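Data block below; observations after.
Each reported figure results from applying straightforward, stated rules to the coordinates on display, with no laboratory input. Bear in mind the structure is a predicted one, so any value in this text is a computation, not a measurement. In this analysis, Cβ positions are derived from the backbone assuming ideal geometry, glycine residues included, and neighbour counts consider all displayed protein chains.
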Amino acid sequence: MQAIDRQLQRYGCQMDVSFGPFSSPFPAREYGGCILFAGTRKDARIMAGVPTVWLNPAEDVDAYSVYPDDQYAASTAVALCTLAAIDKIAYVDISTTHRSGRIRRETLREESLRQHLEIVSIVRMEEVDASLLRHWCEIGVQAVLCYHGIAGIRVLSACQEAGLTAGKNIRILSLAGAGNVPVTPALSAFLIPYEELGIHAVDMLMDRIRGIHEPISAHRALPPVLQLRETF
């Protein structure tokens, strides 16, 4: 959010922060444009007529958007596993409450992993506990890849409860965020480039407000930054 505010100031604009759910219709006359974080198709209908850029949308939308490159994270994770001679993994997905809102780029990420690695188990975050970690080790799972850093922290905690050493008995890698969370051992993760996402979102919004519509720039996927630490 700070990156968005700084970039808007460079354009001589001010930022007003609002938290959903939004009223319908959105008060378009009060704002020149909108950057919508983690929006849905319902939000798209509400924002009709307002120049809008979607920042990391929560659902697939046919709209101007900026988001982390999930495919890059998946292909890099596959390369890491190959270098470490890992071919059998477990995958920790998002919680049940969010699964209905899956978006295509997340599905493609899982498909990419499945093409190159044997995924012996896919579980929801709330299913992870010490007994599951011990079971995975017993059946030869070498690494756990996590949908998000929150899931990675959950796996790390369960690993410690099971008396296992992350990075030695089993490796843990978050595919999206939480690498900077102060946990021990430090979590290996792909860091979401929030600063760059915010800057690109503002630039795209300014183009839309000015009437510049370039199809080639309608969607921008920015690669996350790999931070290899103690758990992998």
Open item on the list: I'd like the Karplus ³J(HN,Hα) series for the range 3-14: coefficients 6.51, -1.76, 1.60, θ = phi - 60°, whole numbers in Hz, and an x wherever there's a Gly or Pro.
Closed with: 5, 5, 4, 5, 5, 5, 5, 5, 8, x, 10, 10
Task: Amide H within-cut-off set for ILE122, under 5 Å, with H built and near neighbours excluded - done: TYR91
TODO: Would you please give the residues with an amide H less than 5 Å from that of GLN227, counting only those at least 5 places away or on a separate chain, with H modeled from the backbone geometry?
DONE: ALA189, PHE190, LEU191
Open item on the list: Sequence gap at least 6, Cα distance under 8 Å: using those rules, report the relative contact order of the range 70-191 to the nearest whole percent.
Closed with: 27
- [ ] Tell me which residues come under 5 Å, amide H to amide H, from THR165 once H is placed; ignore anything under 5 positions away on its chain.
- [x] ILE170
- [ ] Report ³J(HN,Hα) in whole Hz for each residue of the range 43-49, in order, from the Karplus equation J = 6.51 cos²θ - 1.76 cosθ + 1.60 where θ = phi - 60°; Gly and Pro get x.
- [x] 4, 4, 5, 5, 7, 3, x
- [ ] Please work out how much length the chain gains when fully extended from HIS219 to THR165, using 0.36 nm per residue of separation minus the C-alpha to C-alpha distance, in nm with one decimal.
- [x] 15.4 nm
Task: the range 70-191 - charge dipole about Cα centre, Lys and Arg +1 at Cβ, Asp and Glu -1, debye rounded to 20 - done: 180
Task: For the range 73-87, 3J(HN,Hα) per residue [Karplus equation, 6.51 cos²θ - 1.76 cosθ + 1.60, θ = phi - 60°, Hz, x = Gly/Pro] - done: 4, 5, 5, 5, 4, 4, 4, 4, 5, 5, 4, 8, 6, 9, 10
